[in-house]
Each structure stands twice: as C-alpha cells, then as structure tokens.
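Structure first, then comments.
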Amino acid sequence: MSYEQFIAGKRHLLGDFGFDPEWMPPGAFDFQEAMIQKSVRKGRIGVFADTGLGKTLIQLAIAQNIVRKTNKRVLILTPLAVAFQFIDEAARIGVDDIAHSRAGEINAKIIVCNYERLHLLNPDDFECVMLDESSILKNFQGKTRDQIVAFIRTVKYRFLSTATPSPNDFIELGNSSEALGYMGYMDMLTKFFKTNQNSSDSNNRNIGEKFYLKPHAEKDFFAWVNQWSIMVKRPSDLGFSDDSHILPPLHVIPHSVENESPLVVGGQSSLFALPAVTMSEVREEQKSTVEARCTRAVELAQGKTSVYWCNLNDESDILASMDSGATEIRGAMSVDKKEELLVAFANGEIKRLITKAKMTGMGLNWQHCNHTVFFPTWSYEQYYQAIRRFWRFGQRREVTCDVVVSSGQHRVLEALQQKTAKAIELYENLVAAANQDFQHKIKQFDKTVSLPEFLK
C-alpha cells in the first residue's frame, strides 16, 4: 500500500454528494420540505425522525428527485409488509414509476423490496439505495447483514431512515456513519469516546456500559453527527410548529400474574415460589407461568382490535388456541405468507394478531388499532417500536398497552422502564445538541492531506 492510499483510506468525508431538489410532494408539511431539501443536497444522510413524521413520504420524495436528476434506478429496502405502504403513499403523492419487487424483477425506476429478498437483486442496477428502518440491521445475522452493508456501499447516493438510530447509546451511530461512507465505527470510537469500565464517571456523562464521550469532544461529536444526519422528534426541533403533530395520551398498564410454582433452574427446585432474580430464573418463570399469562392477555384483548406481542413460541401457540379471533404469525412462515397476514391486519381483515416485536415490529402503520398486549423482553428498542405501531402521529385515539408479567418478572419490567427513561433522555439530548447552531470552529475531517517533503 502506498502512502497516498493509506492517507486516502483514513479520510473521513463530509462533503455534499447531492444536488438541489426539483420536486416536492403535494401537501408536504413545511418541516418535511426542509428535510427533503437537506437530504437531496447532501446525497448521503441519515433521516432519524420519530414515528409518524412522514419518513415514507420523505424517502419517496428523495427517490423521485434522484430519478429525475439521473434517470437511474433507486432501491428502497423495507421490513416485511412495509413495501405496500410505500406503494400506497406513492400513489397518493403522484409518484407513479414505482414497483414492488418480489422475485428480483426490475420494472420501474423506483424499486421497493423487502430486506429478505435483497439477494435477488444486483447493486449495479441502482444509483441509490435507501434503508428504511435501518436499525433493523441489528436483527439480521451473518450473511444477510453483510450482504446489506456490502450492497449499500456500492452506490453513490445512500440514505438511512429510522426512529431509533441509537436506542441504547451514542456509539451505535458509528454503524450508520460507516454505512453512509463517512467516519468508520472504530475511528469514531477513537476520536470521540473513552472506555468506561465502571459505566459511570464523575460528571454523569455515562452513555453506555463500555464507552462515554470525551468531555472535550462533546461539541465536536454532535457537530459531526449533525453534518450527516437529521435528528427530529417533533417539528419544533427544526424550528417549525408542532400544531399538526400532537400525540394522544398513552396508557402503559402493568398486569401481574402470580407464580404458584417453585422455580426449577438447572434441575434444582426451590422450596417456595421465590421471585426470579437471574436471567436463567426469569426464563424459567416465563415458561412456568406461560398459560396464566396468556389467559390474562386474552381477557385484556377480548372484543378489541389488538396485537399480542410475544416473546416465546409457547406464548404464541397458547394464545392462538385460546383466542379464536386471533391470527398467528410464525417465524417458519414464508415471507409471502407473513406479508399477506400483516397487510390483512392493516386493512382490518384480521381482528387480532399474534406476533413477535423482533419479527414484525418495524415500520408498520397501524393507527386503526389503539390497543396492544405486550409480554416484555429485555429489549427497549423492541418495546418502543412495538408501541409505536399504534401510538404515532396520526393516531386520533388514546392508546393502551397492557404489559403482562409474572410476579417474579418485575426485574424485566423495571429494567425496561429504566432503559426507556435513559433512551428518552439520550435521544432528547442528541436531538437538541445535533440541531444546535455551534458557533465554534468545527474540525475539518475531510481536509486535504499533502505528502511530506521527504516522501516526494
């Protein structure tokens, strides 16, 4: 490797790759137009906007501008069943050269495809790739995730879109930066973060369990994030009115089911029904109380349009046997079958749905439903995304989430509540800092580096 190649590999590009937009969707809100303008001009950006703020419309507008400018194809990758939402929204705003690819077919300028079908497509056919609900990448393993990351790195225009870019800590933003072609994950850690063995420092700057922002690098970090992303929880974050985007009340109600049986862990049984403490004990209590918890869940959802969010396969099976009005989605189903059922629920053809947040909790708009039953997991992101299928801008009714736990599972619920509070604070701080007009001089990460005289 030459010195020039070494230096080129270390450059952290932050330039603009795009152009001035020529088209805006009719009826777009003022804050949406501002986000479209910045995105198209940037050409590579993360649109990190809360649920219900119109990310589908924004992505379609970006795609339409790229098609008009380049006359080349755009690929939008989505979670299951979300492709249909893109097609419907496109028809509403007048984007007609668009198609849903199910078998690798390319018969339009804008192609919408599920992540699970990406292997049927060739990156050479596209000038732009968009990852809708980009945080879903963490749900894929090995070959699939590598394929997605490799695919997006081959195209000129790249866009990420999600409401949860960093649900657990700031360091998760490094994956987004790297996918867009900016600073790599490891370089970001080195530049802005320090290891945190005690998960807390004297200035309460703890961001995660292993890393925290260097105090002197905080402004530079947020300024850097602001250069390649848009962070929005509400229109006022960008200086616009919130009058058109007000959320209705959300009621999260815990329901505890008594555990009558002694815990059995590693073949050893306790003398009494003691609370679960360790993760192994929590899992065992989940199994021993599954029927009682499912019974309570069915009671809570009876007569309502609702979604059961399960954690275990046994929960799903028992709910399906108890609730004759519910339809179960299982992981073993084909992609086509899962899509069929999800679309049917969205259209009101299914009264109640049984599924898992990890499998179908991303990107879907279910404002026709305002009730859900949740069996909690340790994942805040799954919890947040599941509730946000219903409690999102555009929902006109109060939303109720009934959380069903066993008496010894309160550790899971408490951990989830703590993660929720931390994530809200973290993202609020990130939004505020990223949208702040920093007056100090920002370091030039893309400055030209000259060869030393002795190497010329």
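Annotations for the structure displayed:
- Pick from region 307-328, criterion buried (at least 20 other Cβ atoms within 10 Å of the Cβ) and within 26 Å of the chain's Cα centre (by Cα), ranking: nearest to Lys287 (Cα to Cα): Glu315
- Glu22, sole failed condition from (1) more than 24 Å from the chain's Cα centre (by Cα); (2) at pLDDT below 90: (2)
Each row is one residue, and each column tells you yes or no for (1) of a type in the set (A, V, I, L, M); (2) within 17 Å of Ser306 (Cα to Cα); (3) out of contact with any helix residue (DSSP H, G or I) (no Cβ under 6 Å at 6 or more places or on another chain); (4) at pLDDT 80 or above.
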{"position": "Glu381", "(1), (2), (3), (4)": "no, no, yes, yes"}
{"position": "Phe393", "(1), (2), (3), (4)": "no, no, yes, yes"}
{"position": "Arg396", "(1), (2), (3), (4)": "no, yes, yes, yes"}
{"position": "Thr400", "(1), (2), (3), (4)": "no, yes, yes, yes"}
{"position": "Arg411", "(1), (2), (3), (4)": "no, no, yes, no"}
{"position": "Leu426", "(1), (2), (3), (4)": "yes, no, yes, no"}
{"position": "Gln439", "(1), (2), (3), (4)": "no, no, yes, no"}
{"position": "Ile442", "(1), (2), (3), (4)": "yes, no, no, no"}
{"position": "Ser450", "(1), (2), (3), (4)": "no, no, yes, no"}
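- Of all residues in region 100-115, one or more are acidic (Asp, Glu) and out of contact with any helix residue (DSSP H, G or I) (no Cβ under 8 Å at 6 or more places or on another chain).
Matching residues to (1) closer than 27 Å to Asn175 by Cα; (2) modelled with pLDDT under 95; (3) in the same structural domain as Phe345 (by TED's automatic domain parsing):
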{"site": "Gln64", "(1), (2), (3)": "yes, no, no"}
{"site": "Phe84", "(1), (2), (3)": "no, yes, no"}
{"site": "Ala91", "(1), (2), (3)": "no, no, no"}
{"site": "Val95", "(1), (2), (3)": "no, no, no"}
{"site": "Asn114", "(1), (2), (3)": "yes, yes, no"}
{"site": "Met130", "(1), (2), (3)": "yes, no, no"}
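- Some residue of region 214-231 being of a type in the set (A, V, I, L, M, F, W, C), at pLDDT 70 or above and farther than 26 Å from Phe159 by Cβ: yes
- Listed here are the strands (runs of 3 or more DSSP E) enclosed by region 320-410 that have at least 3 residues being over 30 Å from Arg102 (Cα atoms) and of a type outside the set (Ser, Thr, Tyr): 371-374, 399-406.
- For region 142-173, the tally of residues that are of a type in the set (Val, Ile, Thr) and closer than 30 Å to Asn429 by Cβ stands at 6.
- Count of residues meeting criterion [of a type in the set (Asp, Glu) and part of a loop (DSSP other than H, G, I, E, B)] in region 165-195: 1
- Residue check, Ala273 in contact with a Pro (Cβ under 7 Å, 6 or more places away or on another chain), surrounded by 14 or more Cβ atoms within 10 Å (Cβ to Cβ) and modelled with pLDDT under 95: yes
- Inter-residue pairs, beta-carbon under 8 Å, first in the same structural domain as Val290 (by TED's automatic domain parsing) and in region 304-317, second among the β-branched types (Val, Ile, Thr) and in a helix (DSSP H, G or I), 6+ apart: Leu312/Val290; Asp314/Val290; Glu315/Val290
- Entry remark, region 388-431: residues being in contact (Cβ under 8 Å) with a residue 40 or more places away in the chain, within 24 Å of Lys287 (Cα to Cα) and of a type outside the set (D, E, K, R) number 12 in total.
The values are calculated or read from the model by the stated rules, or taken from the named source; none is laboratory data. What you are looking at is a predicted structure, and each value in this text was computed from that prediction instead of being measured. Cβ coordinates were reconstructed from backbone atoms using ideal geometry, including for glycine residues, and neighbour counts include every protein chain displayed.
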